[in-house]
Amino acid sequence: MRLWNRLAVQALACSAALTLATPAVPQGQGQSQNPPTIKTEVSLVNLFATVRDKNKRVVTDLKQENFKISEDGHEEKIAFFSNDLTLPITLGLLLDTSGSEQNMLGAIQGAGSRFIRRVLRKGDEAMIISFDTDVDLLSDFTDDRSILDRAINKARINTPGGGYIAGNPGPVPSGNMTGTALYDAIYLACGEKLNGEAGRKAIVIVTDAQDEGSKVKLEEAVEAAQRTDTVIHVLLVADPRYGANGGAARRLADDTGGRVIYVSSEKKLEEAFDQISEELRSQYTLGYYPTNNNRDGKFRKIKLDVDNHDFKVLARKGYYAPKG
(Lines give C-alpha, C1' and ligand atoms only; values in the text may rest on other atoms or scores of the structure.)
Protein backbone atom coordinates (compact mmCIF):
# COMPACT_ATOMS: atom_id res chain seq x y z
CA MET A 1 0.00 0.00 0.00
CA ARG A 2 1.69 3.18 -1.15
CA LEU A 3 0.89 5.52 1.72
CA TRP A 4 3.79 7.92 1.39
CA ASN A 5 5.60 9.54 -1.48
CA ARG A 6 8.29 12.16 -1.50
CA LEU A 7 5.70 14.96 -1.39
CA ALA A 8 4.66 13.78 2.06
CA VAL A 9 8.05 14.85 3.38
CA GLN A 10 7.24 18.51 2.81
CA ALA A 11 4.04 18.26 4.85
CA LEU A 12 5.85 16.34 7.57
CA ALA A 13 8.57 18.97 7.78
CA CYS A 14 5.92 21.56 8.63
CA SER A 15 4.34 19.43 11.36
CA ALA A 16 7.46 17.88 12.94
CA ALA A 17 8.22 20.92 15.08
CA LEU A 18 4.68 20.84 16.48
CA THR A 19 4.84 17.22 17.53
CA LEU A 20 8.11 17.81 19.37
CA ALA A 21 6.92 20.83 21.31
CA THR A 22 5.50 20.64 24.84
CA PRO A 23 1.84 21.75 24.96
CA ALA A 24 1.38 25.05 26.77
CA VAL A 25 -1.29 25.55 29.43
CA PRO A 26 -3.82 28.17 28.26
CA GLN A 27 -3.91 31.25 30.46
CA GLY A 28 -6.54 31.08 33.17
CA GLN A 29 -6.86 27.28 33.13
CA GLY A 30 -5.78 25.02 35.96
CA GLN A 31 -2.61 23.00 35.87
CA SER A 32 -4.68 19.81 36.10
CA GLN A 33 -5.45 20.11 32.38
CA ASN A 34 -1.78 19.65 31.54
CA PRO A 35 -0.52 16.02 31.67
CA PRO A 36 1.41 15.74 34.97
CA THR A 37 4.29 13.72 33.49
CA ILE A 38 5.19 16.06 30.61
CA LYS A 39 7.96 17.87 32.48
CA THR A 40 9.63 14.61 33.49
CA GLU A 41 9.37 13.17 29.98
CA VAL A 42 11.08 16.12 28.33
CA SER A 43 13.73 16.53 31.06
CA LEU A 44 14.99 12.98 31.54
CA VAL A 45 17.53 12.00 28.90
CA ASN A 46 17.54 8.27 28.16
CA LEU A 47 20.43 6.32 26.70
CA PHE A 48 20.42 2.76 25.41
CA ALA A 49 23.92 1.32 25.25
CA THR A 50 25.61 -1.87 24.13
CA VAL A 51 29.07 -2.75 25.45
CA ARG A 52 31.50 -5.11 23.75
CA ASP A 53 34.90 -6.37 24.88
CA LYS A 54 38.07 -6.35 22.77
CA ASN A 55 36.99 -9.66 21.21
CA LYS A 56 33.65 -8.05 20.19
CA ARG A 57 31.66 -10.14 22.65
CA VAL A 58 28.70 -8.42 24.27
CA VAL A 59 29.22 -7.54 27.94
CA THR A 60 26.02 -7.83 30.02
CA ASP A 61 27.17 -7.81 33.68
CA LEU A 62 28.18 -4.17 34.23
CA LYS A 63 26.78 -2.09 37.10
CA GLN A 64 25.76 1.56 37.28
CA GLU A 65 29.06 2.51 38.90
CA ASN A 66 30.93 1.24 35.84
CA PHE A 67 29.42 3.99 33.66
CA LYS A 68 30.08 7.71 33.37
CA ILE A 69 27.96 10.19 31.40
CA SER A 70 29.01 13.66 30.32
CA GLU A 71 27.02 16.28 28.42
CA ASP A 72 28.96 18.95 26.51
CA GLY A 73 31.99 18.01 28.61
CA HIS A 74 30.19 18.26 31.97
CA GLU A 75 29.79 15.06 34.00
CA GLU A 76 26.18 14.20 34.80
CA LYS A 77 24.69 12.16 37.63
CA ILE A 78 23.08 8.91 36.53
CA ALA A 79 19.50 8.92 37.80
CA PHE A 80 18.30 5.66 36.26
CA PHE A 81 20.04 2.41 35.37
CA SER A 82 18.82 -0.99 34.21
CA ASN A 83 20.22 -4.01 32.42
CA ASP A 84 16.80 -5.60 32.05
CA LEU A 85 17.02 -7.45 28.74
CA THR A 86 13.24 -7.85 28.47
CA LEU A 87 12.40 -4.16 27.93
CA PRO A 88 10.05 -3.83 24.93
CA ILE A 89 11.44 -2.77 21.55
CA THR A 90 9.69 -0.80 18.84
CA LEU A 91 11.38 -1.75 15.59
CA GLY A 92 11.31 -0.57 12.01
CA LEU A 93 12.71 -2.81 9.25
CA LEU A 94 13.47 -0.74 6.13
CA LEU A 95 14.17 -2.59 2.89
CA ASP A 96 15.84 -1.01 -0.13
CA THR A 97 13.87 -2.09 -3.21
CA SER A 98 15.75 -0.02 -5.79
CA GLY A 99 17.23 -1.74 -8.82
CA SER A 100 20.67 -2.11 -7.27
CA GLU A 101 19.29 -4.58 -4.69
CA GLN A 102 17.58 -6.82 -7.24
CA ASN A 103 19.99 -9.74 -7.00
CA MET A 104 19.80 -9.88 -3.19
CA LEU A 105 16.11 -9.23 -2.58
CA GLY A 106 15.13 -12.88 -2.15
CA ALA A 107 17.89 -13.45 0.40
CA ILE A 108 17.01 -10.20 2.17
CA GLN A 109 13.37 -11.24 2.48
CA GLY A 110 14.22 -14.68 3.85
CA ALA A 111 16.76 -13.41 6.36
CA GLY A 112 14.52 -10.47 7.31
CA SER A 113 11.60 -12.77 8.12
CA ARG A 114 13.80 -15.00 10.27
CA PHE A 115 15.21 -11.92 12.02
CA ILE A 116 11.73 -10.64 12.90
CA ARG A 117 10.67 -14.04 14.22
CA ARG A 118 13.83 -14.28 16.30
CA VAL A 119 14.01 -10.77 17.73
CA LEU A 120 10.36 -10.03 18.59
CA ARG A 121 9.20 -10.98 22.05
CA LYS A 122 6.10 -10.26 24.13
CA GLY A 123 5.47 -6.51 24.22
CA ASP A 124 7.53 -5.77 21.09
CA GLU A 125 6.16 -4.33 17.87
CA ALA A 126 7.61 -3.89 14.39
CA MET A 127 6.72 -2.21 11.11
CA ILE A 128 7.97 -2.94 7.60
CA ILE A 129 8.84 -0.22 5.08
CA SER A 130 10.26 -0.50 1.57
CA PHE A 131 11.80 2.39 -0.31
CA ASP A 132 12.89 3.12 -3.86
CA THR A 133 11.56 6.16 -5.72
CA ASP A 134 8.83 6.25 -3.04
CA VAL A 135 8.41 5.11 0.54
CA ASP A 136 5.90 2.29 1.10
CA LEU A 137 4.46 1.24 4.45
CA LEU A 138 4.06 -2.51 3.95
CA SER A 139 2.95 -3.14 7.53
CA ASP A 140 2.17 -0.75 10.36
CA PHE A 141 3.25 -1.56 13.91
CA THR A 142 2.13 -5.01 14.99
CA ASP A 143 3.31 -7.93 17.08
CA ASP A 144 1.78 -10.43 14.64
CA ARG A 145 4.71 -12.20 13.02
CA SER A 146 2.60 -13.62 10.21
CA ILE A 147 1.48 -10.13 9.16
CA LEU A 148 5.10 -8.92 9.24
CA ASP A 149 6.25 -11.96 7.29
CA ARG A 150 3.68 -11.32 4.55
CA ALA A 151 4.66 -7.66 4.45
CA ILE A 152 8.34 -8.50 3.94
CA ASN A 153 7.44 -10.85 1.10
CA LYS A 154 5.36 -8.12 -0.58
CA ALA A 155 8.49 -6.05 -1.20
CA ARG A 156 9.31 -5.83 -4.92
CA ILE A 157 12.05 -4.17 -6.91
CA ASN A 158 10.68 -0.96 -8.44
CA THR A 159 11.25 0.09 -12.05
CA PRO A 160 10.50 3.27 -14.01
CA GLY A 161 6.79 4.08 -14.22
CA GLY A 162 5.93 2.40 -10.93
CA GLY A 163 6.14 -1.19 -12.18
CA TYR A 164 7.99 -4.02 -10.54
CA ILE A 165 10.57 -6.55 -11.59
CA ALA A 166 9.43 -10.06 -10.76
CA GLY A 167 12.02 -12.65 -9.91
CA ASN A 168 15.58 -12.10 -11.07
CA PRO A 169 15.76 -11.34 -14.79
CA GLY A 170 19.44 -10.53 -14.73
CA PRO A 171 21.70 -7.47 -14.58
CA VAL A 172 19.99 -4.14 -14.00
CA PRO A 173 20.79 -1.59 -16.73
CA SER A 174 21.89 1.79 -15.41
CA GLY A 175 18.78 3.32 -17.00
CA ASN A 176 16.63 1.49 -14.44
CA MET A 177 18.26 3.35 -11.57
CA THR A 178 15.43 5.83 -11.12
CA GLY A 179 16.15 6.84 -7.53
CA THR A 180 16.42 5.65 -3.95
CA ALA A 181 14.65 7.70 -1.28
CA LEU A 182 16.71 6.39 1.65
CA TYR A 183 16.83 9.66 3.61
CA ASP A 184 13.12 10.30 3.02
CA ALA A 185 12.33 6.80 4.35
CA ILE A 186 14.30 7.41 7.56
CA TYR A 187 12.81 10.87 8.00
CA LEU A 188 9.26 9.59 7.59
CA ALA A 189 9.78 6.46 9.70
CA CYS A 190 11.14 8.52 12.59
CA GLY A 191 9.04 11.66 12.32
CA GLU A 192 5.70 10.13 11.40
CA LYS A 193 5.78 6.67 13.00
CA LEU A 194 8.37 6.43 15.79
CA ASN A 195 7.82 9.93 17.11
CA GLY A 196 4.76 8.79 19.04
CA GLU A 197 6.39 5.66 20.48
CA ALA A 198 8.11 5.35 23.86
CA GLY A 199 10.95 3.20 25.14
CA ARG A 200 13.58 1.48 23.03
CA LYS A 201 13.30 2.35 19.35
CA ALA A 202 15.45 1.06 16.51
CA ILE A 203 15.55 1.02 12.73
CA VAL A 204 17.34 -1.73 10.82
CA ILE A 205 18.00 -0.77 7.19
CA VAL A 206 19.09 -3.20 4.49
CA THR A 207 20.58 -1.02 1.75
CA ASP A 208 23.66 0.05 -0.19
CA ALA A 209 23.07 3.54 1.30
CA GLN A 210 23.13 5.13 -2.15
CA ASP A 211 20.52 7.89 -1.97
CA GLU A 212 19.23 9.33 -5.24
CA GLY A 213 16.33 11.74 -5.19
CA SER A 214 15.33 12.21 -1.54
CA LYS A 215 13.70 15.50 -0.64
CA VAL A 216 15.54 15.68 2.66
CA LYS A 217 19.29 15.61 3.23
CA LEU A 218 21.41 13.15 5.18
CA GLU A 219 21.71 15.65 8.05
CA GLU A 220 17.92 15.95 8.28
CA ALA A 221 17.50 12.17 8.37
CA VAL A 222 20.04 11.94 11.19
CA GLU A 223 18.32 14.76 13.09
CA ALA A 224 14.92 13.05 12.74
CA ALA A 225 16.38 9.92 14.36
CA GLN A 226 18.09 11.92 17.11
CA ARG A 227 14.93 13.87 17.94
CA THR A 228 12.97 10.63 18.35
CA ASP A 229 15.72 8.74 20.23
CA THR A 230 15.90 6.16 17.45
CA VAL A 231 18.97 3.98 16.92
CA ILE A 232 19.82 3.18 13.29
CA HIS A 233 21.57 -0.04 12.28
CA VAL A 234 22.64 -0.44 8.65
CA LEU A 235 23.27 -3.75 6.91
CA LEU A 236 25.28 -2.58 3.92
CA VAL A 237 24.36 -4.85 1.02
CA ALA A 238 25.82 -3.66 -2.27
CA ASP A 239 25.95 -4.87 -5.86
CA PRO A 240 29.65 -4.50 -6.82
CA ARG A 241 28.62 -2.78 -10.05
CA TYR A 242 27.07 0.12 -8.15
CA GLY A 243 29.04 0.17 -4.91
CA ALA A 244 27.93 1.43 -1.52
CA ASN A 245 27.95 4.72 0.31
CA GLY A 246 29.80 3.64 3.42
CA GLY A 247 30.23 7.22 4.59
CA ALA A 248 26.49 7.87 4.73
CA ALA A 249 25.86 4.52 6.41
CA ARG A 250 28.45 5.25 9.10
CA ARG A 251 27.04 8.73 9.71
CA LEU A 252 23.53 7.34 10.20
CA ALA A 253 24.72 4.65 12.59
CA ASP A 254 27.45 6.49 14.50
CA ASP A 255 25.36 9.57 15.27
CA THR A 256 22.44 7.52 16.60
CA GLY A 257 24.30 4.78 18.49
CA GLY A 258 23.90 2.02 15.92
CA ARG A 259 26.18 -0.19 13.84
CA VAL A 260 27.15 -0.66 10.21
CA ILE A 261 27.74 -4.23 9.10
CA TYR A 262 29.12 -4.88 5.63
CA VAL A 263 27.39 -7.82 3.94
CA SER A 264 29.07 -9.63 1.05
CA SER A 265 27.03 -12.84 0.82
CA GLU A 266 23.80 -14.51 1.90
CA LYS A 267 25.65 -16.21 4.78
CA LYS A 268 27.04 -12.85 5.94
CA LEU A 269 23.51 -11.42 5.77
CA GLU A 270 22.23 -14.08 8.18
CA GLU A 271 25.18 -13.40 10.50
CA ALA A 272 24.55 -9.66 10.35
CA PHE A 273 20.90 -10.06 11.33
CA ASP A 274 22.02 -12.33 14.20
CA GLN A 275 24.42 -9.65 15.44
CA ILE A 276 21.75 -6.96 15.35
CA SER A 277 19.34 -9.27 17.16
CA GLU A 278 21.93 -9.78 19.90
CA GLU A 279 22.59 -6.04 19.99
CA LEU A 280 18.93 -5.18 20.49
CA ARG A 281 18.60 -7.72 23.29
CA SER A 282 21.77 -6.76 25.21
CA GLN A 283 21.35 -3.07 25.94
CA TYR A 284 21.79 -1.14 29.16
CA THR A 285 19.30 1.64 29.87
CA LEU A 286 20.61 4.78 31.55
CA GLY A 287 18.96 8.10 32.30
CA TYR A 288 19.99 11.46 33.70
CA TYR A 289 18.55 14.92 34.33
CA PRO A 290 20.80 17.47 32.59
CA THR A 291 22.34 20.17 34.75
CA ASN A 292 21.82 22.47 31.76
CA ASN A 293 18.05 22.97 31.94
CA ASN A 294 17.83 25.70 29.29
CA ARG A 295 14.97 24.99 26.89
CA ASP A 296 16.86 26.35 23.91
CA GLY A 297 16.29 23.54 21.40
CA LYS A 298 20.03 23.17 20.82
CA PHE A 299 21.93 19.96 20.20
CA ARG A 300 23.78 18.63 23.25
CA LYS A 301 26.72 16.24 22.89
CA ILE A 302 26.71 13.12 25.05
CA LYS A 303 29.69 10.92 25.89
CA LEU A 304 29.11 7.60 27.63
CA ASP A 305 32.17 5.80 29.02
CA VAL A 306 32.90 2.70 31.08
CA ASP A 307 35.76 2.21 33.50
CA ASN A 308 37.27 -0.66 31.50
CA HIS A 309 39.13 0.95 28.60
CA ASP A 310 39.22 -2.34 26.69
CA PHE A 311 35.47 -2.15 26.29
CA LYS A 312 33.71 -0.30 23.49
CA VAL A 313 30.43 1.47 24.19
CA LEU A 314 27.80 1.94 21.52
CA ALA A 315 25.29 4.71 22.31
CA ARG A 316 23.88 7.83 20.70
CA LYS A 317 26.14 10.88 20.66
CA GLY A 318 23.64 13.54 21.60
CA TYR A 319 20.10 14.85 21.70
CA TYR A 320 18.11 18.02 21.04
CA ALA A 321 17.00 19.94 24.12
CA PRO A 322 13.32 20.84 24.36
CA LYS A 323 12.43 24.28 23.15
CA GLY A 324 10.16 26.93 24.60
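The distance between label points at ASP144 and TYR289 comes to 4.3 nm (points 7 Å beyond Cα on the Cα→Cβ vector).
Taking a straight line from the alpha carbon of LYS298, these aspartates and glutamates sit under 16 Å away, with near neighbours fewer than eight places off in the same chain left out: GLU71, ASP72, GLU219, GLU220, GLU223, ASP229, ASP255. Excluding same-chain neighbours fewer than eight residues apart, the lysines reachable from LYS56 by a Cα-Cα span under 18 Å are LYS268, LYS312.
Quick one: net charge around ARG150, please, counting Lys, Arg +1 and Asp, Glu -1 for every other residue with C-beta under 15 Å from its C-beta. Provide the component values of the computation, followed by the final result.
Numbers: positive: ARG114, ARG117, ARG145, LYS154, ARG156; negative: ASP136, ASP140, ASP143, ASP144, ASP149.
Here the count lands on 0.
What net charge is computed for the residues neighbouring ASP84, neighbours being all others with C-beta under 15 Å from the C-beta of ASP84, Lys and Arg scored +1, Asp and Glu -1? Spelling it out: positives minus negatives among the neighbours equals +3. A straight chain from TYR320 to SER43 at 0.36 nm per residue would run longer than the Cα-Cα distance by 98.6 nm. When all protein chains stay in place and ligands, DNA and RNA are ignored, the 1.4 Å accessible-area order of ARG57, ARG114, largest first, is ARG57, ARG114. Residues of the range 218-238 falling in the label zone of SER264, defined by backbone nitrogen less than 13 Å from a point 7 Å along Cα to beta-carbon, are 238.
Please find the FRET efficiency linking GLU219 to ASP296, where r is the Cβ-Cβ separation and R0 is fixed at 22 Å, and quote it to the nearest 0.05.
About 0.70, to the nearest 0.05.
Residues LEU44, LEU148, ordered by accessible area of protein heavy atoms at a 1.4 angstrom probe radius and largest first, appear as LEU44, LEU148. Bridgeable aspartates and glutamates around LYS77 (alpha carbons under 16 Å apart, same-chain partners fewer than 8 residues away excluded): GLU65, ASP305, ASP307.
Determine the order of TYR187, TYR284 by accessible area, beginning with the largest, at a probe radius of 1.4 Å.
Details: TYR187 30, TYR284 0 Å².
Descending accessible area places them as TYR187, TYR284.
The values are calculated or read from the model by the stated rules, or taken from the named source; none is laboratory data. These numbers come from a predicted model, not from an experiment. Virtual Cβ from ideal backbone geometry, glycine too; neighbours counted across all protein chains shown. Side chains are part of the model used for accessible areas, which takes the heavy atoms of the whole protein and leaves out ligands, DNA and RNA. Shrake-Rupley method; radii C 1.70, N 1.55, O 1.52, S 1.80 Å.
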